[in-house]
1. Can you pull out the GluC sites (Glu not before Pro) in the range 237-288 whose DSSP state is coil and whose Cβ has at most 15 other Cβ atoms within 10 Å?
2. Whose amide H sits under 5 Å from the amide H of Val45, counting only residues 5 or more places off or on another chain, with H placed in the peptide plane?
3. Kindly put Phe103, Phe110, Phe93 in sequence by how many other C-beta atoms sit within 10 Å of each C-beta, fewest to most.
4. Gln151 to Phe284: extension gain in nm, 0.36 nm per residue of separation minus the Cα-Cα distance?
5. Show me the GluC sites (Glu not before Pro) within the range 101-131 that DSSP assigns to loop and that have at most 14 other Cβ atoms within 10 Å of their Cβ.
6. Which FRET efficiency value, to the nearest 0.05, is calculated for Lys272 and Ile128 with the Förster distance at 51 angstrom and r the Cβ-Cβ distance?
7. With θ taken as phi - 60° and the coefficients 6.51, -1.76 and 1.60, list the Karplus ³J(HN,Hα) couplings across the range 98-108 in order, rounded to whole Hz; mark glycine and proline as x.
8. Among DSSP bridges having both ends in the chain, what percentage is antiparallel? Round to the nearest 5.
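Please treat every number below as a calculation from the coordinates, not as lab data. Note that the coordinates shown come from a computational prediction; the quantities given were computed from them, not determined experimentally. Cβ sites come from the backbone with ideal geometry, for glycine too, and all protein chains shown count toward neighbours.
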Amino acid sequence: MKIIQSFAQFDNGSPRAFGDKEKNLLGFYSFLLSYLTLNKYYGDVRMYCNQAAQDKLIKYIPYDEVKIVENRNTELFWSYYKVDIMKSMRTDFIHVDTDVFIFADLFSEFMKNEEFDIIVQNHVPEDINYVKGYVNMFKDLVVEHDIIDPQIYDYRCSGCGTIGMRHKHKKPYIEICEIMRKGFIDAKTDDNWFIGMANEELAFYLAELKYGWKSYEILPWNDVLKYGERGAGNYHNYTHMYMDSKFQPRYVKAIRMKTLHEFPNAIKYIEKYEKEVMKDTEIFKEIL
C-alpha cells in the first residue's frame, strides 16, 4: 500500500496563504514534519507535485520519491489536483495532506484488515459541514447522474486530511468527483472553498454512503461528537493544521520546535531551507 502526498504550486503559492508571499514560505515546516512522522511509521512516502512546487519547496523535503505531475486546475479548483493524483493510483493507497502530523501508528489497522474498504480522517457532523447544502442545491444533477438518493443523505461529510481506499473503489469515487466538477463549471459557481470541499470531501462521503463502504475512522465518530475534531485529534495523536493555521508564525514556531525535538537529525533540512530561502525575510524573525 502506498503512502502518498501531493501539492500543486499556483502562481501565488498555496491558496490557503491568501497570496501572502512571505507566509507561503512557512509551508515548509508543516511539510517537513508531516513527511517525517509518516516516514517514521510507514517508511517510503511518495510526493506528487508540479515542477513549480518541486523547484520552490519540495526539493528541500527528503521525500523518498518525487513524481512530477503538472496541474490542470485553476485556483477555483484548488483541491482537485489531489483528486487527479488519486485517480492516477494503480494500487491501494493512503493520501495524507501535508499539514497533517501523526504521532502514533494510526493506519496499520486499515492496511492489514481488508474488512475495511476506505480510511478517512473523520466524519464531519451536520452543524460544521460547510457543504451540507450541496445535495439540495444541485438536486437535479445529483438525481440525473445517480450520485446519491437525496432521501438518504444525512448532511454529513468526510474530513479528508487523510483519505485512502482499496484500488477497486477508486473508479466509482472519481466518477462522482468528475460529475460534481463539471456541474460546478456548468453552473459557473465561483465559491472556491465550497467547490474545494464538495469536490473531494463530500464526494468521498457520498460514495461511501451510496456504495455502503465500510470506513476506518482515524478519529471515531463518538470522539468527534464528544471532543470536537481538534480535541479528538489530540486524543488520538493526530494533528491537522486547518485552513491557514500552518502559515501563522506562532504555530509555525511550535511546529519547528516540535520537529527539532522529535527528529533532531532534521536540523540539516531546516538549516538549509532557512539559509537559502528564509534568512532575508521579515517573517523569519517571528518564528525563531
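1. Loop-located and lightly packed - Glu282.
2. Asp64, Glu65
3. Least crowded to most crowded, the residues run Phe103, Phe93, Phe110.
4. In short, 42.7 nm is gained.
5. Answer by residue number: Glu114, Glu115.
6. Working: r = 39 Å, r/R0 = 0.77.
So, using R0 = 51 Å, E works out to roughly 0.85.
7. 6, 10, 10, 10, 10, 10, 6, 7, 9, 10, 4
8. 50 percent
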